[in-house]
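What follows is a single structure, written as C-alpha cells, with notes after it.
The values are calculated or read from the model by the stated rules, or taken from the named source; none is laboratory data. Because the structure is a prediction, the values reported are computed rather than measured. Backbone-built Cβ (ideal geometry, glycine too); neighbour counts: all protein chains shown. Each accessible area value is taken on the protein alone, full model and side chains, heavy atoms only, with ligands, DNA and RNA left out. Shrake-Rupley method; radii C 1.70, N 1.55, O 1.52, S 1.80 Å.
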Amino acid sequence: MDALELLHKRVSAPVLMEPAPTAEQLDTMLLAAQRAPDHGELKPWRFILIDGDARHALGELYVKAGKAANATIDDEKIAKFKKMPLRAPMILVAIAVTQDHPKVPEVEQVITAGCATQAVIQAAYAMGFGAMWRTGEMAFDPTVKAGLGLQAHEQIVGFIYLGSTKRFRSVEAVPTREMLTVWGA
Ligand SMILES: Cc1cc2nc3c(=O)[nH]c(=O)nc-3n(C[C@H](O)[C@H](O)[C@H](O)COP(=O)(O)O)c2cc1C
C-alpha cells in the first residue's frame, strides 16, 4: 500500500474476527512501533499480547476489577466485562513505560508510546488487518494494571483490538485549512 494512501485513508474497524495476525505478521506490525519519534531514544513503550483463551482470563480480571470498584455490581455488568475482550481474536495492551528524565518530561514519553501504538495500527491497516484502539475504565483501573503486571512507572495507553474485518468504511476528509491558522500574516 502506498504510504500516503495509508495515512489518508486508515480507519478503525470495530467488528473484528478470525483470522488474527500470525506471529510473523505481528512482528511486522511491532517493527513499525520502533520508528515512533522518541526524544532521548528512551523507547518508552511495550506491548502485552493477549489472544486465545487468555482473553477469557482478561474478562475475569475485568470482573475482579469491577467488583473491587463496586461490591454491588450486577450480573449484566459482569457478563459485559466477560465479553469485552472477545471483541477481537487478538488484543495488544499498549503500555507507556515512563522514567524520570532531566530533559524528557513524562508527557513526551506518553506521547511517544501513543505514536508507537498508532504505528502498529497503521501497519495493521497496511497489511489488511482491522484494528481498534480502546481505553475505557479498565485502562485506568489499578486491579487491571496489577493483574497485567504493570509497574508503578507504567500506564496503559490503550487496548488495541486486532483481527480481520469484512470491510473498512471510507471517510470524507474535511478541508485541511480548517485545522490550520497562519500566524503573523
Ligand atoms: C487514546 C484513545 C482511546 C480511545 N478509546 C476508545 C474507546 O474506549 N472506545 C471507542 O469506541 N473508541 C475509542 N477511541 C477511538 C477509536 O479508536 C477510533 O479512533 C474512533 O472510533 C474513530 O474512528 P477512526 O479511527 O476510524 O477515525 C480511542 C482513541 C484513542 C486515541
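General remarks:
- Counting only protein heavy atoms and using a 1.4 Å probe, the accessible area of Phe159 comes to about 0 Å².
- Angle between the chain longest axis and helix 23-33 axis [Cα atoms, degrees, rounded to 10]: 50
- For the chain, the solvent-accessible area of protein heavy atoms averages 60 Å² per residue (probe radius 1.4 Å; ligands and nucleic acids excluded).
- Rounded FRET efficiency, nearest 0.05, which uses the C-beta distance separating Leu148 from Glu178 and R0 of 35 Å: 0.35
- Percent accessible area from carbon and sulfur atoms, the range 31-89, protein chains only, probe 1.4 Å: 52
- Helix-only [θ]222 nm of the chain, DSSP H runs n ≥ 4, -39500 (n - 2.57) each, per residue, nearest 500: -11500 deg cm²/dmol
- Dividing the mean sequence gap of close Cα pairs (under 8 Å, 6+ apart) by how many residues the range 1-123 holds gives a relative contact order of 43 percent.
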